[in-house]
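Novice: This is the structure I want to talk about, given as structure tokens.
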Amino acid sequence: MEDLERKKIINYFNYNISLEHSAIVQYLFHAYTLGECEIEGELEEIAREEMKHLRAFAHKVVQLGGKPSIDKRASVFLHAPTPLELIKLDEEAEELAIKEYKNQYKDLKDETAKKILERAIDDETSHKEIFKHLQTKLKEKNTKAIFDENKQKIISILNTVLQDQYAKILEHLYQSFILKFKNPHLSDELEQKAIDQMKHFGWLAEEVSHMGGEPSFDLKPIKKLEDPKQIVEETKKEEKEQKEKFSKLAREIEDKNLQWILERIAKREIHYTELEEFLSKDKHKNRRYGKNNLCTHSRKPI
């Protein structure tokens, strides 16, 4: 990497750390002061995702020989005349981050840095949509969706998806545990994928409940793969299938709120498609970690 590109990434990502830092503080403060239980949960979840963006930017800065500006913070807006105006400030913060990250994406050449930005842009775009929904709730104009005679059919479809997600979570956790000492980098990636899928499960389960249904926790048989190469091949195949499945569901379901959740899940399925990189590095192959030489490995953001 050219020294100019390296310095550019460090400067950009240190600024991004300050943006994420301010967003975390702002969203958590709003969560704790609004007094709205449902909104509090949404804000805390968004803050956790901002923490993971911050971690990803910081890891890249350190990897390139820089020092993360963890003690720097952009402007934070903690107060407004009404709860509605507070959430509007949060939406504006997302708009600022999206604009900044898109400009950086266009300006940078390094593919790893661009992938970190791409994930952050996807998440921030979803956060902006969430803040719009929260404003609607605060205006008390948003009532529970009234579903037509196809409601039970939609619940049945979603519960089938929930069962599949449950199985995939267990499969990737199993793989992560099996590979913990054989290939810790791949193990960590699989663990992060399982955590992502837990989120997806939660989003869909909430939708089923809001529709008056009961989320399915039925346990399906799982594949207990242990060979790293086979795990990577199966995971890549699965990611492609999952992205297509969720995109197809989003096109077929008319409810807009459920539609954008499915589209968001489909987009998030593309971020673990380079697992084979952990097979090609000799230092990761057949490496054993004893009790006294365990080390901490960085993970990709979820």
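Novice: What are the residues in the range 10-26 that are crowded, with 24+ Cβ neighbours inside 10 Å and aromatic (Phe, Trp, Tyr), if any?
Specialist: Phe13
Novice: If you go through the range 70-87 one residue at a time, do you hit one that is assigned to a helix (DSSP H, G or I) and under 16 Å from Ser126 (Cα atoms)?
Specialist: Yes, there is a match, as at least one residue in the range 70-87 is assigned to a helix (DSSP H, G or I) and under 16 Å from Ser126 (Cα atoms).
Novice: Quick check on my filter: what residues within the range 35-50 are under 17 Å from Ala120 (Cα atoms) and hydrophobic (A, V, I, L, M, F, W, C)?
Specialist: Residues satisfying the conditions are Leu43, Ile46, Ala47.
Novice: Could you look through the range 30-69, keep only residues that are among the acidic types (Asp, Glu) and part of a helix (DSSP H, G or I), and pick out the one that is surrounded by the fewest Cβ atoms within 10 Å (Cβ to Cβ)?
Specialist: The residue in question is Glu38.
Novice: Can you name every residue in the range 181-204 that is in contact (Cβ under 8 Å) with a residue 40 or more places away in the chain and more than 17 Å from the chain's Cα centre (by Cα)?
Specialist: Matches in the range 181-204: Phe181, Lys182, Asn183, Pro184, His185, Leu186.
Novice: Mind listing just one residue for me: the one in the range 164-195 that is under 19 Å from Phe217 (Cα atoms) and touching a helix residue (DSSP H, G or I) at 6+ places or on another chain (Cβ under 7 Å) and, of those, surrounded by the most Cβ atoms within 10 Å (Cβ to Cβ)?
Specialist: Residue satisfying both the conditions and the ranking: His172.
Novice: Name the residues in the range 1-29 that are farther than 29 Å from His79 by Cβ and either of a type in the set (A, V, I, L, M) or part of a helix (DSSP H, G or I) (or both), would you?
Specialist: Result: Met1, Asp3, Leu4, Glu5, Arg6, Lys7, Lys8, Ile9, Ile10, Asn11, Tyr12, Phe13.
Novice: Across the range 51-65, what is the total count of residues that are out of contact with any Lys or Arg (no Cβ under 8 Å at 6 or more places or on another chain) and more than 18 Å from Glu124 (Cα to Cα)?
Specialist: Of the residues in the range 51-65, 4 are out of contact with any Lys or Arg (no Cβ under 8 Å at 6 or more places or on another chain) and more than 18 Å from Glu124 (Cα to Cα).
Novice: May I pose another question? Do the conditions hold for Lys237, that is, is it more than 27 Å from Ile46 (Cα to Cα) and of a type outside the set (Ser, Thr, Tyr)?
Specialist: yes
Novice: So, one more: Which condition number in (1) modelled with pLDDT of 85 or more; (2) buried (at least 17 other Cβ atoms within 10 Å of the Cβ); (3) of a type in the set (A, V, I, L, M, F, W, C) is the one that Met211 fails?
Specialist: Met211 satisfies every listed condition except (1).
Novice: Another question, then. Quick one: is Glu234 closer than 28 Å to Asp123 by Cα and modelled with pLDDT under 80? Let's see the steps before the verdict.
Specialist: Values: closer than 28 Å to Asp123 by Cα: yes; modelled with pLDDT under 80: no.
It is false that Glu234 is closer than 28 Å to Asp123 by Cα and modelled with pLDDT under 80.
Novice: Same structure, new question: Which residue pairs have Cβ atoms closer than 9 Å, lie 6 or more positions apart in sequence or on different chains, and pair a first residue in the range 104-119 that is under 18 Å from Ala58 (Cβ atoms) with a second residue that is of a type in the set (Asp, Glu)?
Specialist: Cβ pairs passing all conditions: Leu108/Glu5; Asp110/Glu5; Ala113/Glu5; Lys115/Glu274.
The values are calculated or read from the model by the stated rules, or taken from the named source; none is laboratory data. Keep in mind the model is a prediction, meaning the values are calculated, not measured. Don't worry about glycine lacking a Cβ; one is built from the backbone with ideal geometry, like all the others, and counts go over all protein chains shown.
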